[in-house]
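Everything on this sheet refers to the single structure shown next.
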Amino acid sequence: MTIDLRSDTVTKPTKGMLDAMMQAKVGDDVFREDPTVNKLEARVASMFGKSEALFFPSGTMANQTALKLHTKPGDQVICDKYAHIYNYESGGASFNSGISCKLIDGNKGMFKAEQVLDAINPEAYYYSHTSLVEIENTTNKGGGACWEFDEIKKVRAVCDEHSLGFHLDGARIWNALIAKNETTEQYGTIFDTISVCLSKGLGCPIGSVLVGDSEIMKQAIRIRKIFGGNMRQAGYLAAAGLYALDNHVERLSEDHKKAKEIGETLSKLPIIRTVEPIETNIVIFELNIDVNENSFVQKLADKDIHIISMGSNKLRMVTHLDYTNAMHDKLLSTLQTII
Ligand SMILES: *Cc1c(COP(=O)(O)O)cnc(C)c1O
């Protein structure tokens, strides 16, 4: 039994999802004639109470498109030092949009509205023009932490006062909604644009969606084309997304429960220094300084359990759709015997 907890992207489509994909009605999406893509876009737009949505092959491309929609070359985007757009999108903000990131030294990838206020550049010509604030919910590098919705509202107020766009990287927004009992509509009223992933916790083989109001989204399809993200009979993929929205959102609470149980087991092991608070499906923990992280990862790998090292003696496990109860039992018992 292989147990792969490196990421929630390692899932394979379920039988139900594959059936839905095989039955999809498709057309050429470049002509906007794929009925299943159109259906997915309309569905996600309406979930968030937005007028427009666009299907993307990746979350990176959806975020990069959002950055371009909100900025001009030379502008600056305010984001956390842990932000995916800064750390894990290959420098795309500067490459694609010619913008820089003003990093906030936040906590678990999150920050306060006052810190945004401090990060806005004055309007003098020799400063970079601040045009956008970007946050992530849940935070990836922050260990799946969820924002307090009240703080998000305060950040929105700062954006309004200073005419800044507000983008949400909602790759794992579904996890936040389930963990905090929040709604998509709530998020739609706050953000100008939101990117959501279908290929993370929801178990699709591919796909993200960018939603927004019609004014800001006008150029989105052109930018997607420039980035090479136009697709043809993409309805087969969109069908997986529709299936996932129907069947794989509520169940995220199971992933969260398992992650918490893993955290409880880890925190009792003498070789572990700390386990970061677990709010969703990501478990980040730190080994004692005298325990070598690579040999710990290797010890688990020898038992066919695969996790990721994050450097600084920190390790990560992510629970997901393909992580079964049997795997969970095996993992917990293996951990208890590993010293
Ligand atoms: C995974 C992820 C993305 C990008 O998604 P890809 O589909 O892998 O390009 C963006 N933001 C966050 C927070 C992510 O975790």
Subject >> Positive-end residue, segment 14-158 charge dipole about Cα centroid, Cβ charges, pick of 24, 122, 35 >> reply: 24
Original post:
Within straight cross-link reach of residue 218, meaning Cα distance under 14 Å, which aspartates and glutamates are found once same-chain residues fewer than 8 apart are removed?
Top reply: 52, 192
**OP:** State the three equivalent ellipsoid semi-axes of the chain, derived from the C-alpha gyration tensor as the square roots of 5 times its eigenvalues, in descending order and whole Å.
**Re:** 33, 27, 17
**OP:** Apply the membrane-span-like helix rule to the chain: whole DSSP H runs, Cα extent along the own long axis of at least 30 Å, mean Kyte-Doolittle hydropathy at least 1.6. List the helices found.
**Re:** none
Subject >> Helix-only mean residue ellipticity at 222 nm for the chain, each DSSP H run of n ≥ 4 adding -39500 (n - 2.57), per residue, nearest 500 >> reply: -12000 deg cm²/dmol
**OP:** Just the ratio, please: alpha-carbon radius of gyration of segment 296-339 over 2.2 N^0.38 Å, N its number of residues.
**Re:** 1.17
Original post:
Within the set 268/330; 102/141; 108/314; 50/81; 141/314; 68/112, which residue pairs have Cα atoms separated by over 19 Å?
Top reply: 50/81; 68/112
**OP:** Please figure out what share of the DSSP beta bridges in the chain is antiparallel and state it in percent, rounded to the nearest 5.
**Re:** 55
**OP:** Considering Cα pairs under 8 angstrom that are at least six residues apart, work out the relative contact order of the chain and quote it in whole percent.
**Re:** 25
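No value in this document is a laboratory result; all are computed from the given coordinates. Small disclaimer: the values here were computed from a predicted structure and weren't measured. Virtual Cβ from ideal backbone geometry, glycine too; neighbours counted across all protein chains shown.
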